[in-house]
Each structure stands twice: as C-alpha cells, then as structure tokens.
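Trainee: Sharing a structure below in structure tokens format, with a few things to ask.
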Amino acid sequence: MAISRSLLFVLLVAVCAAYDNGQYDGPDEVELRLLEPAVVPDPVDGVSRWWYTPSQKAHIYRHKYPKNIEAQPRQGEDLRLPGDILPRLYTIRLLPFIEVGNWTTDGYVEIVVDCVISTVNISMNSLDLTIDLASVTVADVQTGNPIDVVNFIDEQSTRELITIQVSQPLTVGRQYRITMKFISILNALLAGFYRSSYVENGETKYLAVTQFEATDARRSFPCFDEPTMKANFTVTVGRPETWTSTSNMPLITTEPIVGMPGYVWDNYQTSVIMSSYLVAFMVSEFIGIPAEPGLSNVEFRIWARADARNLTDYSRDIGPRILEFFESFYNIDYPLPKQDMAAIPDFAAGAMENWGLITYREQYLLVDPNTATARAIQLAAVVSAHELAHQWFGNLVTMDWWNALWLNEGFASYMEYLGTDAVEPDFKMNDQFILENLQYVFGIDALETSRPINIEVNTPAEINSMFDAISYEKGSCVIRMCADFIGFETFQRGLTRYLNDNAYGNAGQDNLWAALQTQADSENVLLPATVKEIMDTWTFKMGFPLITVTRNYQTGGAIVTQNRFLLRKSNDTTDPIVYQWWVPLTYTSDYTQATKRDWLSVNEVSKTLTSLGAAANQWVIFNVDQQNYYRVAYDATNYELIRDQLIADHQRVSDNNRAQLLDDAFTLALIESIAYSEALDLTLYLKNERDYVPWHAVLSELNYIDIMLYNLVEFPNWKNYMTSIVEPYYTAIGFQETQADPHLIKYSRIDAMNWACRLGVADCVQNALSTYATLMSQPDNLAQIVSPNEKSTILRTAIENGGQAEYDFAFNQYKTKGDTSFLVAMCASKQASVLSGLLEMLLDPTSGILRSDVNLVFNNVANNPIGNEIALDFLINRWDDIQNALGSSFFGTWYRYVCTRQNTQAGLDKLIQLRDAHPVILGNSNSVKQGLETVESNIKWVSLNQGEIGTWLAGHQPAKNFEAIRQ
Ligand code: BES
Ligand code: ZN
C-alpha cells in the first residue's frame, strides 16, 4: 500500500506539472499507470509498524489520503462561500468532446439563486474553468430585468472561487438568475468531469464520467460547492447518437443538437434537492443491463463496457435486494425513481454514492462468482451495501460540513454490515465486524499520531484527509457502541426520526444525538448522561481507553479503571486533554443470562463495582461481544479462570469475546501490561477452536512472535507448539474446498492452510505439491485445478518444497500470462541462491521480470526469513547498480521492508551504517526512521520476552513431537 500511495502521489504531481493554465498536454500513459491495482497490499505508510495489522480491506483504502492535486497549499485563506446568495435550481448543459487531442467540455450553466443577505458580490466555486466573460449575466427572476455586471474576479487558482460583481446590491428575499458559458477540461485526474479509457477488441475506447466528492464539482461547472448549499439540478448532456449517457435522474427526452449532425442532447428530469458533490453524469459506449423486475420497487440497472456484460449478474441480483432492505430498515422509501450503478475503468475511490447513479471501480461491481475469491465476492456486496446505505445517510441527510464527514462514512461503514448480512447471511458479517473494523482501527487509534473523529477542516487537502480509518472504521465502531447502549431497536427508530427530521437538509452530530435522545426518552431508556455528553467524549477525543478490571474475590466486587491505551508513550507529550470517556461497561459470567451493565463516568478514573454477580471461582468477561470501543485487562486470577474455562469448554464464551481476549491479551503483553505467559496460556485451548473469528484474531498476533523467534534457539519449540494447535484446525477443515463450504469455512481454510503448510504439516504440503503437479501438466486449467482462495498458498508451498521444475514452471507462467501470483510464489523459495538470483534479475531489464513488478519481488524476498538478510546485503552491495538500473525512488521503502524482520544489534549496526553511507537518499527519509524504530522495538522485544516465552514454550511442549515426526 505504501507503494501505491506514493506512486499515485508522484504521478498526480507529474500530471499537475503537465497541466498548466487549464491546458492539459501531458502524456496519455500517465493516466493509465495511475490506475494499476496494487497486487499485494502493503500496510499504510506511516503506521506500518510491526504491531499494525493490515486490514483485509486495506487495499481499497489507498485513495484515502490528501489528493495533493493542488499546486499550492492554501492554509489560512478564507475558502468558504459567504452564504449571502444561495442556489435553488441549476440548469446545466454540457457537451463533452471525448476525443484524443480535444478533451474539453463546452458548458453552460444557469443558476437561480436566493438573496438572503444584500450584497453586490456573487461568489461561487470554480476550478480550472475557462469562463466566457461576455456570457456572464445576472437578472431578476420575477421581472426579468438584467442587473449590470461590473466586475468579474477570478480567484480560481488560489481560492477556487469566482466573484461576479453587480452594479447595485441585490435585494433580500428576491431571486436572481445567473448564467454563464465556460469550457472545462476532461482531465486525467479522476476528479471533476474526467476521461477514462479501456480497450475493447484491440481498440482504445474513451468515456467521460464524474467524481465530485469532496470538492470537485467546481471543476465541472461553476457552483456553490458546499454540502449545505443544496439545490435542484436539471442536467442536459450531449453525446454522439450511437453512445449512451446517464445521470442521477431518469432521462426524459433526447433531441438532435442543432448544427452538429450525429450528436444529440439527453435531457434529464430535475433532481431532488441535493448537495453538489452528489451530482453525476456519464457519457460512454457502455450498456445498461436492467435487474430482474420485482427485486425492488425502483428500476435498477448495471452499466458496464459491453465486454463485461457477463459479469454483472451478481450486482444485478444483490443491488436491488439491498436497496429493499434499507427501505425497510430506515422505514423510508428510496426517493428516486431509479438506481443506476456503473463500473468505471479508471476510478480513484472504491465507489461513490452519487444519488441514483453510483459509480464503482470495476472490480467491486463486476464479479464472476465462479472464479472470484470469497473475499472478492464479499467486497462487492459490502461496497454496494455501503453506497446504498449512503442514499439515505449522506444523500437524503448530509453532514453540514466536512468536519462531520464521519457521520456519512462511519454510518455507511456500519450499515454496510447490516446491508450485506440481509442478502448474504452466510457471510456472517456481524462476526467479521470486530476483525475488519474494530481490531483493525485499534492499531491506528492507539498511536499518538491519531486524531479525533470530528476535527476542523478547511482546505480541500484537509477535507480529503478526512477519508481515513478514523472516519470510517472508528466512526462505525462508536456508532455500533451507541446502538448497543441505547438498544438496537430504539437506535433504529431514532435513526428514522433523524432522517425524517432532516430529510433533504443537513445535520451535524448534535442533530443525531438529539434524535436518539428523544427516541431513548420516549422509550424510557435510562442513561447516566445525555447521548450527546456520552458520544462527545468518543468523537472529540482521539484514542480509546484500556479498562482494567481488578476483582476482589472476597467481596465479589471489582475496581474498574480507565486509562488511555497507547502502544508507545512518548516522554515529552504536552497534550492537555484529559483522556477519559463515558464508558459503557458490559460484563457477564454466563452468556445465557442478560448482560450486566454499568458506566464509568468521564470524571471517574476508577470505580468500585460492589458485586459482579460471580462467585470467586467463576470468570468474568467485560465488553460483551466486543460491542464497545475499548480494550480490557484483568487480574491474574481472572485470566486463569478464563483460561480454564476455555480449555474445559470454550463455547461457553462467545466467539467475539474469544477473539477479543486473544487480541487484547497479546497487545497488552506487547506493551508489557501483562505477562506473555498469561497471553500464551489463553492459546492452550486453541487445539479445540474451530471458529474463524478467534483464529483470525490470534494468528495475526502470533505472526509477530513467529517472525521474532525465527532466528532464535526457541524456534523449534515454537514451531512444535504452533503445529500442535494449528494442525487440528487444519485437519478439521481439510485441504479440499467444496462448493457447499460456508463462506467463513473458506476464510478459515485460507488461514489454516497458510499456517499448516508453512509449519510443514505433511498433509498440507503433499496436497499442495500434488495440486501443483496437476497444474504443471495442464497449465491452462488453473481455474479448475486451483481454487482462487487457495491459490497463493498452493503456489508458495510448491515452490518452498519443490525444486527447479516447480520454479521454472512458475516463472514461465508469470512470463507468459502476467500472473504475478507465480512471481510472488517464486520469492518463497528456501534456497539462498534462488533468492539472490531473483534480486539480481531486478537489475537486468531483459530478465523477464517487469519493471512494474520489481517492488513486489524485493518486498517478498525481504519478507522471506531466508531472503531477509540477502535483501539487506543486496541493498548494501549493489547500491550503485540498483541506482543505475532503477533510479533512487525505491531505496526508502526497500530499506523499511528489510527492517521488519531485523531484531539483532548486529543487524541494526549494519542498517545504520547503510543509512550513513547514503545520507542524501536515506538520511532524512521517514521510511528509514520508521524502519530503524521497528528494529529497535524488535531488539527490545527480544531482550524482554525471549526468556519468558522460551520458558513457557519449554513447559508446554506437546506430547507428540511434530518436529521429530516431520523429519
Ligand atoms: N463517499 C465515498 C467515496 C469517496 C472516497 C469520495 C474518498 C471521495 C473521497 C464512498 O462512499 C466510499 O466510502 N467508498 C469506499 C468504499 C467503501 C465500501 C469503504 C471507498 O472508496 O473506499
Ligand atoms: Zn462512503
């Protein structure tokens, strides 16, 4: 991910440089390279530390960073519209010339505005538009009388504004009609009304489509581009008569364009009242395929290039059904007559919720359920559910400014689980929430560099930086917590109230809290403070608490305390904020009984619960089902009681809480809050664990230990212990995937196989080798022979355990089919000579490894325990050759890749020496700093924990010696 981020950044800057005064003359291949999908998701830059667990969804967030397409930072300038003139109705006519060498749009806009404060200055947003000054008119709507325009102030290149100055002050309460003509660029920036392309039957085809959120409607037509300045929009777009167009609303008429034979205007119905960032239109040669009638009350179509017609079935089926679900969940009809969804070949975000015309990256709308991975299918459903949830939450009711973006995105990120669950109950989305959203964002929000959910933002760059894991994942977590303490059904009715109260308008979080409060009050839900008081602590403070529970086994009570949870504390913090929250406490000793509830107030660091309702020999678990946004630590006795329960019968503890216990315990051990032996004790029961959620949570934690112990004497005991817990999981699930397998069994198999094969479990290795042998004899039947879910493990295991023939076959498949999974697998070889050979190939343009894949190879070799030192030596010894062959842009990230597995003083010395040898390139690099920080943490971890873990492992060796059996 770090690569795709920085690559995208570099290219956007390059595009900007080529894009001057509205004239785009840059090379066309730039826009194509912009869109290359990341093959292997890397951790997000900046938080890619060893404790960070990348989300499985991480690769779809790569756009969530400041777009940086502006030439200058605009700090401190007043960028807001004054609000004295407000738009009511736009009539927009656009004629895009989707032709190489032209790439412009002829535009005309007419805006009926209300004057709410008298002024002579009519300001609106505009960016990179060439405005025909002679065409600018202002008239009184009622009388038709023109108002003289005396001046036109163009601040497009600084404040993204234009101001029309009129001769006399406009009168409060009257309406005016503003008109102007302009030309915009069908740019390659994936923002505004932009161009995209694809190849069909060997021919490059183009289309024009919009992406306006957050602040890019102004690139397409002059407008009041702020979310509260809602209006009706009447759109007309021109197109070649053999093409198609689509927009938010249904098409009403098509008419010839006078003077342009072969071109027509498509006139669209006037929209409902909405924000400018939701306006959308598209002109293309796409086909629109209707969903089966009867799945929903609205007309539903999927738009895609003709070649992809066969890939629309899945989305055509689930889309209308999810829409139906939301209508009933929100208890509000979908207000538009139709819903289109379009798959755009070049698209910056994952998908965009334009009202009535949702746009998608192709991979999230076009799926083949027969060949796609289980995860790809799930992602398609989740993305559709997310965007459809926005049709109410976001589109019908919109946040009043971008500081509250989390209301849109946090909510959609919560609702996507409910929407997906409604159509794919087998996906068990509610079980996945804690892995994908909660435990994932804990890793980010536990850093001092996190941010509060709601923060002031002004510039477009600041606004774009809000599209991050804090708005999305943390937002979804605090909403889920709120639903839990209010009660789900009360919460649901409160949402309907909020949406109805604010329909076609805007709202801030206070409006939401008020609606939930009214609902809670009307249903006699008792809370210790107002919803607003409680939720403000979660939205205006960054981070989250660690709740420490110290039981008193004599009294049956406990002391409960809250402290901000940080992965590392810096010594010199001057942060004046008191990190305390209104904490909903939930706990249980028996899941068949109602959950017990209490609160820690924002003013209490600690509190005594007089009775937990548990006997001295009974365990107590806090944060039931991990509905709340905090971690929990217990006293040693309670950990022992929990451990014993898990060993005796783990099903007595819910699967979410088993996952929570493991994730919390290993994170607490990492920061030295509890002993590793306590965390490891909780894994003893895993030989009986069969559920995906706890396994997935713990494996990502154990992975770090696995990396750290690799070179140490404890490793054989570690491997032996790991095999003793993983093998039963693998055996229960089995190697062979079947059609009938439930979704989470497929997910489990990915984890179990990955570990079993890595640990050398014979059945796994043999099956992988024989599957690979079959593939070698029928290389064109890959899809039939290898399940896409198992592909990477099978290929990797065959290379690890196979010989030259397996390797040669993989290289050949990569070269002839361009399938990078084979290349990644080659990097898993256990032979040092093979790995150094691979690195050498990066320097040789004729080696067969594409330049676009060099990063992938280096990363995977560096991640290979045997390759790590080889990769470091390659950097040290071949520096000049790397620079000559590939330039200097890779050094920083490669340096950091190498650091992940380094945990010795000798390694650190070598790395520092390398940095000092290249002060210009490495001296000031953030990647280098992060990398060295990682190595220092690793060394510290080893010195602190090697002995303790070693002793624990020695005391917990399985009766069966897996290491001996393997040999
Ligand atoms: N509103 C966003 C799209 C967006 C993202 C616009 C960033 C401008 C900047 C949309 O609803 C969204 O969140 N899309 C997600 C997909 C989703 C399933 C998480 C995305 O693009 O990652
Ligand atoms: Zn969204």
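The values are calculated or read from the model by the stated rules, or taken from the named source; none is laboratory data. These numbers were taken from a predicted model, which means no experiment stands behind them. No Cβ is skipped: glycine too gets one built from the backbone with ideal geometry, and neighbour counts run over all protein chains shown.
Trainee: Among the residues of region 281-293, are any closer than 30 Å to residue 80 by Cα, in contact (Cβ under 8 Å) with a residue 12 or more places away in the chain and in contact with a strand residue (DSSP E or B) (Cβ under 6 Å, 6 or more places away or on another chain)?
Mentor: yes
Trainee: Filter region 104-121 down to residues that are closer than 23 Å to residue 133 by Cβ and assigned to a loop (DSSP other than H, G, I, E, B), then give me how many there are.
Mentor: 2
Trainee: Residue 461 - would you say it is away from ligand 1 (no atom under 16 Å from the Cβ), surrounded by fewer than 21 Cβ atoms within 10 Å (Cβ to Cβ) and small (Gly, Ala, Ser)?
Mentor: No: the conditions fail for residue 461.
Trainee: Further question on the same structure: Taking the stated definitions as given, is residue 160 of a type in the set (D, E, K, R) and touching a residue at least 24 places away in the same chain (Cβ under 8 Å)?
Mentor: yes
Trainee: Consider residue 638 against the criteria (1) touching a residue at least 60 places away in the same chain (Cβ under 8 Å); (2) out of contact with any Lys or Arg (no Cβ under 6 Å at 6 or more places or on another chain); (3) not acidic (Asp, Glu): it satisfies all of them except one. Which criterion is unmet?
Mentor: Failing condition for residue 638: (2).
Trainee: Of the conditions (1) touching a Ser or Thr at 6+ places or on another chain (Cβ under 8 Å); (2) surrounded by fewer than 21 Cβ atoms within 10 Å (Cβ to Cβ); (3) modelled with pLDDT of 95 or more, residue 930 fails just one. Which one is it?
Mentor: Every condition holds for residue 930 apart from (3).
Trainee: Quick check on region 737-749. Is at least one of its residues surrounded by fewer than 16 Cβ atoms within 10 Å (Cβ to Cβ) and at pLDDT 95 or above?
Mentor: Checked against the condition, which is being surrounded by fewer than 16 Cβ atoms within 10 Å (Cβ to Cβ) and at pLDDT 95 or above, region 737-749 yields at least one hit.
Trainee: When both residues are 6+ apart or on different chains and their Cβ atoms are under 6 Å apart, which pairs have a first residue that lies in region 363-389 and is closer than 13 Å to residue 315 by Cα, and a second that is within 11 Å of ligand 1 (Cβ to nearest atom) and among the aromatic types (Phe, Trp, Tyr)?
Mentor: Qualifying pairs under 6 Å: 380/364; 383/364.
Trainee: Also, quick follow-up: From the list 170, 127, 133, 161, which one is hydrophobic (A, V, I, L, M, F, W, C) and under 30 Å from residue 262 (Cα atoms)?
Mentor: 133
Trainee: May I ask you to say which residue of 358, 322, 302 is closer than 22 Å to residue 193 by Cα, within 16 Å of ligand 2 (Cβ to nearest atom) and not hydroxyl-bearing (Ser, Thr, Tyr)?
Mentor: 358
Trainee: Kindly indicate which of 854, 920 is crowded, with 17+ Cβ neighbours inside 10 Å, among the β-branched types (Val, Ile, Thr) and either without any contact (Cβ under 8 Å) to a residue 40 or more places away in the chain or within 23 Å of residue 569 (Cα to Cα) (or both).
Mentor: 854
Trainee: Just to be sure I understand, how many residues within region 457-481 are within 16 Å of ligand 2 (Cβ to nearest atom), closer than 27 Å to residue 81 by Cα and either small (Gly, Ala, Ser) or more than 17 Å from the chain's Cα centre (by Cα) (or both)?
Mentor: Adding up the residues that qualify gives 2.
Trainee: Taking only region 495-526 into account, find how many residues are within 21 Å of residue 386 (Cβ to Cβ) and either buried (at least 20 other Cβ atoms within 10 Å of the Cβ) or touching a strand residue (DSSP E or B) at 6+ places or on another chain (Cβ under 7 Å) (or both).
Mentor: Selection size over region 495-526: 9.
Trainee: I'm trying to understand the selection: among the residues of region 334-373, which are within 30 Å of residue 745 (Cα to Cα), among the charged types (D, E, K, R) and either in a strand (DSSP E or B) or near ligand 1 (Cβ under 9 Å from one of its atoms) (or both)?
Mentor: 361
Trainee: For region 766-803, how many residues meet the condition of being part of a helix (DSSP H, G or I) and either in contact (Cβ under 8 Å) with a residue 12 or more places away in the chain or among the aliphatic types (A, V, I, L, M) (or both)?
Mentor: Looking only at that region, the number is 23.
Trainee: Further question: Only one of (1) surrounded by 20 or more Cβ atoms within 10 Å (Cβ to Cβ); (2) away from ligand 2 (no atom under 16 Å from the Cβ) is not met by residue 447, so which one is it?
Mentor: Result: residue 447 fails condition (1) only.
Trainee: Given the condition assigned to a helix (DSSP H, G or I) and either touching a Lys or Arg at 6+ places or on another chain (Cβ under 9 Å) or among the acidic types (Asp, Glu) (or both), answer yes or no: does some residue in region 623-635 qualify?
Mentor: Yes, region 623-635 contains at least one residue that is assigned to a helix (DSSP H, G or I) and either touching a Lys or Arg at 6+ places or on another chain (Cβ under 9 Å) or among the acidic types (Asp, Glu) (or both).
Trainee: Going through region 322-337 one residue at a time, which ones are in contact (Cβ under 8 Å) with a residue 40 or more places away in the chain and over 24 Å from the mean Cα position of the chain (by Cα)?
Mentor: Residues satisfying the conditions are 329, 330, 331, 332, 334, 335, 336, 337.
Trainee: Now, a different point. Quick check on my filter: what residues within region 374-413 are of a type outside the set (A, V, I, L, M, F, W, C) and either more than 14 Å from ligand 2 (Cβ to nearest atom) or in a helix (DSSP H, G or I) (or both)?
Mentor: Answer for region 374-413, where residues must be of a type outside the set (A, V, I, L, M, F, W, C) and either more than 14 Å from ligand 2 (Cβ to nearest atom) or in a helix (DSSP H, G or I) (or both): 375, 378, 384, 386, 387, 390, 400, 403, 408, 409, 410, 413.
Trainee: Still on this structure: If you check residue 210 against the conditions, is it of a type in the set (S, T, N, Q) and more than 16 Å from ligand 1 (Cβ to nearest atom)?
Mentor: No, not satisfied.
Trainee: For region 376-390, state whether one or more residues are farther than 23 Å from residue 362 by Cα, of a type in the set (A, V, I, L, M, F, W, C) and more than 12 Å from ligand 1 (Cβ to nearest atom).
Mentor: no
Trainee: Could you tell me which of the residues 692, 710, 685 is hydroxyl-bearing (Ser, Thr, Tyr) and within 29 Å of the chain's Cα centre (by Cα)?
Mentor: Matching residue, one of 692, 710, 685: 692.
Trainee: Return the total of residues in region 655-682 being more than 27 Å from the chain's Cα centre (by Cα) and more than 10 Å from residue 701 (Cβ to Cβ).
Mentor: Adding up the residues that qualify gives 10.
Trainee: Against the conditions (1) at pLDDT 95 or above; (2) surrounded by 15 or more Cβ atoms within 10 Å (Cβ to Cβ); (3) of a type in the set (A, V, I, L, M, F, W, C); (4) farther than 30 Å from residue 490 by Cβ, where does residue 295 fall short? Just the number, please.
Mentor: Of the numbered conditions (1) at pLDDT 95 or above; (2) surrounded by 15 or more Cβ atoms within 10 Å (Cβ to Cβ); (3) of a type in the set (A, V, I, L, M, F, W, C); (4) farther than 30 Å from residue 490 by Cβ, the odd one out for residue 295 is (1).
Trainee: On to the next question. If you scan region 190-215, which residues turn out to be within 16 Å of ligand 2 (Cβ to nearest atom) and of a type outside the set (S, T, N, Q)?
Mentor: Those that are within 16 Å of ligand 2 (Cβ to nearest atom) and of a type outside the set (S, T, N, Q): 212, 213, 214.
Trainee: Could you say which residue among 478, 423 is over 24 Å from residue 533 (Cα atoms) and either hydrophobic (A, V, I, L, M, F, W, C) or crowded, with 23+ Cβ neighbours inside 10 Å (or both)?
Mentor: After ruling out the rest, the residue left standing is 423.
Trainee: Can you name the residue in region 414-427 that is aromatic (Phe, Trp, Tyr) and touching a residue at least 60 places away in the same chain (Cβ under 8 Å) and is also farthest from ligand 2 (Cβ to nearest atom) among such residues?
Mentor: For region 414-427, the residue satisfying everything is 427.
Trainee: Considering each of 454, 437 in turn, give the residue that is more than 11 Å from ligand 1 (Cβ to nearest atom) and in contact (Cβ under 8 Å) with a residue 24 or more places away in the chain.
Mentor: Answer to the selection: 454.
Residues checked against (1) of a type in the set (Ser, Thr, Tyr); (2) under 30 Å from residue 500 (Cβ atoms); (3) part of a helix (DSSP H, G or I):
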{"site": "515", "(1), (2), (3)": "no, yes, yes"}
{"site": "518", "(1), (2), (3)": "yes, yes, yes"}
{"site": "535", "(1), (2), (3)": "no, yes, yes"}
{"site": "538", "(1), (2), (3)": "no, yes, yes"}
{"site": "542", "(1), (2), (3)": "no, no, no"}
{"site": "566", "(1), (2), (3)": "no, no, no"}
{"site": "602", "(1), (2), (3)": "no, no, no"}
